[in-house]
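Structure, as structure tokens:
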Amino acid sequence: MDNIYATDNLDFIYQALKSDGRLGRLVDELRKALDCYSDDEQNVAIRENIVFRQFVDRLLTDRERAVFYGLPEGCRMRENAKILSPENLKCGMHVWIGEGAILDASGGLEIGDHTSIGPGVYVWTHSSHMTNIFKANYPGSELIVRKPTKIGSGVFLAGPSVVSAGTVIGDRTLVQPMSYITESFEGKCVVGGNPARLINKL
């Protein structure tokens, strides 16, 4: 089967659209985008993910989207949420993932049952800041550090908040909005702040 993302096929689509004068500027912007396309293996794979997952994502309900991304029974996933390296995600049942959340599972991510990940929450399992400091900011750099991150069961992680790689949020923890989790918490507590600290025991 021909690669429908190849630049010659995309150029044909552009020419067909250009023949309709009503599209004007939109078609010109499409041409600019087509000029940036590369047919190498990595870009083709990424493009397929964008086209299929990002487009189909917008056609689904919260529950349907969770099934589409392979999440367990009872999970719900809002629009514009993203899972990086989903093959490394161990997700419990009845998990809710809010709008615009980013779950980075590249270093191993575990989320327990009945946990809510709020809108705009970023959960990280890797850090690449050393690639910038040592000017080695390229894909696959050996300076990228990956650490498993765990979010327990019955956790309410309000957004927007950030969870650093290698941390553990214990069961039944409430994380206040605008928090930056830089250390682990045992559970049954309220935490918040930047950096997050223990506020109350439950």
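One line per residue, one yes/no per condition, for (1) surrounded by 18 or more Cβ atoms within 10 Å (Cβ to Cβ); (2) polar (S, T, N, Q); (3) over 11 Å from the mean Cα position of the chain (by Cα); (4) under 26 Å from residue 183 (Cβ atoms):
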{"residue": "73", "(1), (2), (3), (4)": "no, no, yes, no"}
{"residue": "90", "(1), (2), (3), (4)": "no, no, yes, yes"}
{"residue": "97", "(1), (2), (3), (4)": "yes, no, no, yes"}
{"residue": "115", "(1), (2), (3), (4)": "yes, yes, yes, yes"}
{"residue": "135", "(1), (2), (3), (4)": "no, no, yes, no"}
{"residue": "147", "(1), (2), (3), (4)": "no, no, yes, yes"}
{"residue": "151", "(1), (2), (3), (4)": "yes, no, yes, yes"}
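Residues in segment 151-169 that are part of a loop (DSSP other than H, G, I, E, B), of a type outside the set (Val, Ile, Thr) and under 18 Å from residue 124 (Cβ atoms): 152, 158, 159, 160, 161, 164, 165, 166. In segment 94-117, which residues are within 13 Å of residue 81 (Cβ to Cβ), assigned to a strand (DSSP E or B) and either not assigned by TED's automatic domain parsing to the domain that holds residue 82 or not acidic (Asp, Glu) (or both)? Hits for segment 94-117 are 96, 97, 102, 103, 111, 116, 117. A single member of 99, 64, 110 is among the charged types (D, E, K, R), under 26 Å from residue 193 (Cα atoms) and without any contact (Cβ under 8 Å) to a residue 40 or more places away in the chain, and it is 99. Being surrounded by 14 or more Cβ atoms within 10 Å (Cβ to Cβ), in the same structural domain as residue 159 (by TED's automatic domain parsing) and not in a strand (DSSP E or B) holds for only one residue in 120, 140, and it is 120.
The values are calculated or read from the model by the stated rules, or taken from the named source; none is laboratory data. Just so it is clear, the structure is predicted and the values come from calculations on it, not from any experiment. Cβ sites come from the backbone with ideal geometry, for glycine too, and all protein chains shown count toward neighbours.
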